[in-house]
Amino acid sequence: MKKSPYTSLLLWLLVAWQHRKPLLKAMSIGLLLGLFIALSIPQEYEVVVATAAESIAIPDDEGLEGLDLSNSLSRAKRYDALKPSLYPEIFSSTSFLITLFDLPVQTTDCPPDSTLTLRDYLENHLHRPWWEYPASVVSDLVTPPASPFAEGLPVLSAKDADIVDLLRERITIIPDRERRVTTFTCRMQDPLVAATVLDSLSRRIQAYITEYRTRKEREELASAKRLQEEARKSYYRAQEVQAAFEDRNRDLSLTNARKELVKLRVKTNFAREEYVRATLLVHAAETQVVRVRPVFAVIEPATTPIRPSSPSKMKYMAAFALLGVVVGYARIGFFKIKKRK
């Protein structure tokens, strides 16, 4: 006859009551061990920043009719290769994370006028659990020295590679396609450092995307400004030539002088029109740079956390207490089987 779940549960409770002293002892040992492990793990603070994904569609040009912008402005640009889904891969790359090494940070326990770089903080001010120190000593002993043939090549040292890996572990970027929201998370052992790093990271990401999205338009704006400067010089030069001719020929009774003056005025007017057209192109290019520049809506800004996010002492204590009970049950069953033999 098959036992019901209630019968099995009653049997387990009966066994637990009969052996309550060793089980309580095992659970107490698990609680103390869990507390010891939790106290050995350094506290970490988590900062979260949420930004709304900007639109990648560019509106039609307005107010630019009558201008030939085929080589100066981009109208057909509707989609961009730099999508929010690619942000984690782009900003977890080694080339981007290295730019954070020189970021000035300040810890909560240092004087107000003293700062250190993020690399120095990650390399010299991070605390580790005691069981990681033997492993790090062994890793330092077995790490091969840098190759002399790598000089001049973009090869990271072992310490720099470790710092890059630390940043990858502590900085997370999660894009949400449905909500069109990108969440940036940073975990550090110091709350002020975590807030500083994430605030700088979000600003650098915005600058990176803005530079990427407006690169072509800014190049076209610079080209339009060069044309404007050339047109301005031509216009001013034509004015000077016309003014000098009029000063030399105040008596305009001669037919040839009048004809030459008409030619100079035509050239001056043409140079003026070219200058006006170049100025309009510059205004149009400036407008286009503003239009394609992405707008970031910060839903949740970076704030300095007050309470640590990890480790949770209660979770560690509960987990090890449960482990102690399981070990105690296994020990009771082992001794029962041994007695039967």
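The values are calculated or read from the model by the stated rules, or taken from the named source; none is laboratory data. Model, not experiment: these values are computed from the prediction. Here the Cβ positions follow ideal geometry from the backbone for every residue, glycine too, while neighbour counts run over all protein chains shown.
Couple of notes before you dig in:
- Residue in segment 273-307 that is farthest from the chain's Cα centre (by Cα), counting only those that are among the small types (Gly, Ala, Ser) and under 19 Å from Arg203 (Cβ atoms): Ala297
- Number of the exception - Glu217 against (1) in a helix (DSSP H, G or I); (2) under 30 Å from Cys110 (Cα atoms): (2)
- In segment 45-67, the count of residues that are of a type in the set (S, T, N, Q), farther than 30 Å from Ala285 by Cα, at pLDDT 50 or above and in contact with a Ser or Thr (Cβ under 8 Å, 6 or more places away or on another chain) is zero.
- Test: residue in segment 224-235 that is at pLDDT below 90, hydrophobic (A, V, I, L, M, F, W, C) and either within 27 Å of Ile41 (Cβ to Cβ) or touching a helix residue (DSSP H, G or I) at 6+ places or on another chain (Cβ under 7 Å) (or both): no
- Neighbours by Cβ (under 6 Å, 6+ apart or cross-chain): first from segment 264-281, in the same structural domain as Arg232 (by TED's automatic domain parsing); second part of a helix (DSSP H, G or I) and among the charged types (D, E, K, R): Tyr275/Arg232
- Per the listing Arg258, Arg248, Arg265, the residue uniquely more than 30 Å from Val292 (Cα to Cα), basic (Lys, Arg), modelled with pLDDT under 90 and touching a Leu at 6+ places or on another chain (Cβ under 8 Å) is Arg258.
- Conditions (1) more than 30 Å from Ala195 (Cα to Cα); (2) modelled with pLDDT under 75; (3) in contact with a helix residue (DSSP H, G or I) (Cβ under 7 Å, 6 or more places away or on another chain): number failed by Ala26: (2)
- Among the residues of segment 176-186, those that are surrounded by fewer than 18 Cβ atoms within 10 Å (Cβ to Cβ), on the phi < 0 side of the Ramachandran plot and touching a residue at least 24 places away in the same chain (Cβ under 8 Å) comprise Arg177, Val181, Thr183, Thr185.
- Per the conditions (1) farther than 26 Å from Asp109 by Cβ; (2) surrounded by 19 or more Cβ atoms within 10 Å (Cβ to Cβ), the sole criterion not satisfied by Val193 is (1).
- When Pro311, Pro301 are screened for being modelled with pLDDT under 85 and under 30 Å from Leu23 (Cβ atoms), only Pro311 passes.
- In this structure, Leu73 qualifies as buried (at least 16 other Cβ atoms within 10 Å of the Cβ), modelled with pLDDT under 70 and out of contact with any His (no Cβ under 6 Å at 6 or more places or on another chain).
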